[in-house]
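Chemist: To start, I am sharing the structure in question, which I have written as structure tokens.
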Amino acid sequence: MDLSVSRSRRRISPYNTILATLVAPLKSGLITTMNLMKILAALLVSLPVLVTLSLVLRSPPPDRIKGFADARVIQRLTRNDTSSSNSEDGFSDHTQMPKDTLHDGLIAPGFDEGSCLSRYQSNLYRKISPHKPSSYLLSRLRNYEHLHKKCGPHTKSYKIAMAQLKSTDQGNSSVGGSTECKYVVWISYSGLGNKILTITSAFLYALLTNRVLLVDPGKDMADLFCEPFPENSWLLSKDFSIKEKFNKFDQKSPHCYGNMLKNKKNTSSELVPSFLYLHLAHDYDEQDKLFFCDEYHSLTGKVPWLIMRTDNYFVPSLFLMPSFEQELEKLFPEKETVFHHLGRYLFHPSNHVWGLITRYYQAHLAKADERIGIQVRTFESGPSPLQHVMNQIYACVFKEKLLPQVDKQKPVVTAPSGIPKLKSVLITSLTSGYSENMRNMYWQHPTVNGDLIGVFQPSHEGHQQTDKNLHDRKAWAEMYLLSLCDVLVTSAWSTFGYVAQGLGGLKPWILYKPENQTMPNPPCRRVMSMEPCFHAPPFYDCKAKRGVDTGALVPHVRHCEDMSWGLKLVGSHEFHDQL
């Protein structure tokens with residue numbers, strides 16, 4: 001730059017102009033009354049300008065406002081450190097990045113960040129989990145990824161297994177020899193919450209049996225979730241030879257394992273069918289449930305393809321199988337963390353869904369001192385349950401001091417400290433009545449402690465619309481937003497709430513299911529663990545071959561709080577607390 005031009009620019013700055021006005025009379029020696037008046041006038045005019053310039057120069061950039069400053073700084077650090085070199089143990093050297101970027105090692109390094117922003121950005125919105133995955137689980141996940149890369153869609157091993165399946169999928173033909181890779185194929189079935197929980201169950205079974213999980217994409221699975229495994233897809237290829245038969249499979253199908261056991265047909269170890277259909281849905285019968293008995297796994301262990309349909313989170317029953325006991329103990333020393341770890345490993349919102357999540361979070365939740373999530377799902381028929389369910393919600397949140405009550409006698413209440421807390425309440429429901437009721441209450445009346453309450457609801461779809469793309473996008477975004485809350489209140493029997501609590505590592509207060517249009521007493525209770533509930537477990541002692549209470553066999557498998565016959569995993573301390 002030309003120095004003379006630079007000097008010229010400096011001379012016409014506001015500071016130089018003002019100084020020139022003040023100093024000129026002094027240099028000329030003409031300090032008259034007129035000049036003195038001019039000097040005073042110049043000072044009065046220049047003072048606001050100087051003060052304004054001083055404030056502007058001292059103020060931080062406008063993007064450093066409270067609530068977003070830390071996140072934006074972290075985002076810059078993340079972008080600047082994505083090219084870090086790898087350390088000897090195979091994990092990225094991310095010492096300058098925020099903690100938990102790879103979810104305590106659950107996430108393998110090497111993914112393209114732009115293809116799935118949520119994989120690396122979710123830690124900016126979620127508190128660091130106090131629950132750490134075992135080193136053995138991390139090792140097994142890395143081994144699984146290697147197996148998936150070797151055996152997944154479009155690989156040589158996959159094509160060999162596909163060709164064998166195609167040539168033997170007629171009648172009860174058996175395979176001639178063992179294949180190098182074995183598979184669990186998950187059939188898309190039921191609502192989105194059920195899908196997330198059942199994929200997790202199928203993946204854990206695949207991990208325990210050294211199989212590769214392949215997911216039927218259905219109508220929108222590819223649009224909702226990022227690929228969880230590096231270098232190969234988890235989606236079943238379009239050319240899968242028996243995909244057209246999925247909708248025809250039922251308990252009477254020739255390849256249904258329960259049906260084969262019932263008829264005592266083709267269950268010897270010498271005849272190995274090309275595939276088996278496992279019917280593990282809520283309507284399965286006693287023969288189907290024998291899948292959870294070790295002695296009936298001699299055949300399933302040899303079959304290359306297991307095709308599974310389920311709407312159950314059947315993980316608790318895997319923990320009751322002696323053959324898996326030692327492996328599960330090493331994988332999950334903390335029993336109640338199965339879905340928490342595997343859910344965060346498998347399910348990352350697609351970029352479109354991540355946009356829904358982040359925009360809503362930043363607009364309505366980011367600035368709050370505390371975020372309270374309330375998930376409302378009713379299963380009652382007949383008249384609208386709005387009023388008694390609303391009363392139940394209030395009874396729960398007030399009794400447990402999750403939200404403050406309002407003072408209907410005073411127009412204004414000042415917080416004792418003088419600085420009120422801002423709390424954002426996120427309500428998810430198919431209808432808008434609950435959020436409107438609560439929003440109006442906190443708008444019309446002040447809280448007794450002076451806290452400020454904002455009530456927000458992203459959508460109200462009216463009724464569940466399974467497999468509709470936009471509906472499922474919103475549902476997935478709302479589950480995830482609930483998981484980002486500090487406190488959670490959920491509805492009994494709802495897999496929607498189970499997903500949110502598991503991803504967030506939260507133990508919610510669960511609203512008991514109302515009966516006869518009446519509010520339950522007590523209205524809610526804190527759950528024992530963050531694990532989902534297995535709604536339709538078997539009650540069978542495989543060794544004694546008789547019925548048994550499977551919720552009383554081991555300390556870490558208990559009955560659910562919201563469904564007395566259901567099963568869930570709990571930690572040892574939760575079990576002792578119940579005694």
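The values are calculated or read from the model by the stated rules, or taken from the named source; none is laboratory data. Owing to the predicted nature of the structure, the values given are computational and were not obtained by experimental measurement. Glycine gets a Cβ as well: all are built from the backbone with ideal geometry, and neighbour counts include every protein chain shown. All accessible areas refer to the heavy atoms of the entire protein, side chains included, with ligands and DNA or RNA removed. Shrake-Rupley method; radii C 1.70, N 1.55, O 1.52, S 1.80 Å.
Chemist: Between K545 and W565, what is 0.36 nm times their sequence separation minus the Cα-Cα distance? Round to one decimal in nm. Please list the in-between numbers first.
Modeler: Values: separation 20, 0.36 × 20 = 7.20 nm, distance 1.97 nm.
In short, 5.2 nm is gained.
Chemist: Counting only C-alpha contacts under 8 Å and six or more residues apart, can you give the relative contact order of the range 100-346 as a whole percent? Display every interim value, and only then the final one.
Modeler: Details: 328 pairs, mean separation 61.2, N = 247.
Once divided by the residue count of the range 100-346, the mean separation gives 25 percent.
Chemist: Y498: net charge of surrounding residues, Cβ under 13 Å, Lys/Arg +1, Asp/Glu -1, itself excluded? Write down the numbers at each step before the final one.
Modeler: Values: positive: K195, R377, K507, K568; negative: D311, E336, E531, E561, D562.
Once positives and negatives cancel, what remains is -1.
Chemist: Continuing with this model, one more query. Using R₀ = 41 Å, calculate the FRET efficiency as 1/(1 + (r/R₀)^6) where r is the Cβ-Cβ separation of N469 and K410; round to 0.05.
Modeler: Numbers: r = 49 Å, r/R0 = 1.18.
It comes to 0.25.
Chemist: What FRET efficiency comes out for the pair R142/H297, r = Cβ-Cβ distance, R0 = 30 Å, nearest 0.05? Spell out each step's value before the answer.
Modeler: Values: r = 26 Å, r/R0 = 0.86.
Here the calculated transfer efficiency is 0.70.
Chemist: Here's something else I'd like to know. Do the alpha carbons of any pairs in K166/K248; K195/K468; K289/K335 sit beyond 21 Å of each other, and which pairs?
Modeler: On the way: K166/K248 17 Å; K195/K468 14 Å; K289/K335 23 Å.
The pairs that break the limit, which is 21 Å between Cα atoms, are K289/K335.
Chemist: Once you place label points 7 Å from the Cα toward the Cβ at L430 and S157, how far apart are they in nm?
Modeler: 4.3
Chemist: Expressed in nm to one decimal, what extension gain is obtained for the pair E327 and N263 from 0.36 nm per residue of sequence separation less their Cα-Cα distance? Spell out each step's value before the answer.
Modeler: On the way: separation 64, 0.36 × 64 = 23.04 nm, distance 3.28 nm.
Full extension of this stretch gives 19.8 nm more.
Chemist: What distance in nm separates the simple spin-label points at L553 and N521, each placed 7 Å from Cα in the Cβ direction?
Modeler: My value for the distance between the label points is 3.9 nm.
Chemist: Quick one: which residues, 5+ away or cross-chain, put their amide H under 5 Å from the amide H of S529? H built at 1.01 Å from N.
Modeler: Long-range HN contacts for S529: none found.
Chemist: May I ask for the Rg/Rh ratio of the range 387-474, computed from Cα atoms with Rh as the Kirkwood radius, given to two decimals? Could the numbers behind the result be given before it?
Modeler: Numbers: Rg = 15.5 Å, Rh = 14.5 Å.
Radius of gyration relative to Kirkwood radius: 1.07.
Chemist: Oh, and also: So for the range 429-525, averaging the separation of alpha carbon pairs under 8 Å that are six or more residues apart and normalising by length, what relative contact order in percent results? Before the final figure, lay out the partial values.
Modeler: On the way: 92 pairs, mean separation 18.5, N = 97.
It rounds to 19 percent for the range 429-525.
Chemist: Note the direction-averaged projected area, equal to a quarter of the hull surface, for the Cα convex hull of the range 100-346, in nm².
Modeler: Values: hull surface 52.4 nm².
Convex hull of Cα atoms, orientation-averaged projection: 13.1 nm².
Chemist: First compute the accessible area of the range 380-526 with a 1.4 Å probe, then give the percent of it belonging to carbon and sulfur atoms. Can you show the working numbers first?
Modeler: Numbers: 3530 of 6690 Å².
On the range 380-526, the fraction of accessible area on carbon and sulfur atoms equals 53 percent.
Chemist: Measuring with a 1.4 Å probe in the full set of protein chains, what accessible area per residue, in whole Å², belongs to the range 270-370? Before the final figure, lay out the partial values.
Modeler: On the way: 3270 Å² over 101 residues.
Per residue, the range 270-370 has an accessible area of 32 Å².
Chemist: Could you sort 311-317, 463-469, 435-441, 201-207 so that the peptide with the highest average Cβ count within 10 Å comes first and the rest follow in order?
Modeler: Numbers: 311-317: 25.6, 463-469: 13.6, 435-441: 17.0, 201-207: 22.6.
The peptides rank, most packed first, as 311-317, 201-207, 435-441, 463-469.
Chemist: Further, regarding this structure: Jot down the radius of gyration and Dmax of the range 365-430, Cα atoms only, both in angstrom.
Modeler: 14.9, 47
Chemist: Right, next: Report, in whole Å, the centroid distance computed from the Cα atoms of the range 189-266 and the range 503-529.
Modeler: 32
Chemist: Here is a further query. Roughly what would the spin-label model give for F398 and S237, points 7 Å off Cα along C-beta, in nm?
Modeler: Modelled inter-label distance: 6.2 nm.
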